[in-house]
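Asker: This is the structure I want to talk about, given as structure tokens.
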């Protein structure tokens, strides 16, 4: 190895020689156990917040129910209009075309 690299490595390793182990406070374990077994303080929510939350969930359920149960207008009228437009403009579905637009000769 290069002498500069070895010197740098030795300097870095020498820094760790003076490090001592950190010792915790003698009462740290007792403090942690006390906090674990101590009852958590109760949290009270204002009644307004509870009612607003319940109302918003009820409104969300109502709107979802309306969307799911909403009847779609009869498709028969749309099909008649569509077939009229297709026949007037002489448009036909792709399955009735004599050749496919994406056949080998066109791309």
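Asker: Can you report the number of residues in segment 1-56 which are part of a helix (DSSP H, G or I) and over 44 Å from the mean Cα position of the chain (by Cα)? Write out each step before concluding.
Answerer: First, pick out the residues of segment 1-56 that are part of a helix (DSSP H, G or I): 3-18, 28-37, 47-56.
Pick out the ones that are also over 44 Å from the mean Cα position of the chain (by Cα) and you get 3-18.
Going through segment 1-56 one residue at a time, the tally reaches 16.
Asker: Another question, if that's okay. Within segment 89-96, does at least one residue satisfy the condition of being at pLDDT 70 or above and within 40 Å of the chain's Cα centre (by Cα)?
Answerer: No.
Asker: For segment 63-79, how many residues are surrounded by fewer than 10 Cβ atoms within 10 Å (Cβ to Cβ) and modelled with pLDDT of 65 or more?
Answerer: 6
The values are calculated or read from the model by the stated rules, or taken from the named source; none is laboratory data. As the structure is a prediction and not an experimental result, all values here were calculated from the model. Neighbour counts are summed over all protein chains in view; Cβ atoms, including those assigned to glycine, are modelled from backbone coordinates with ideal geometry.
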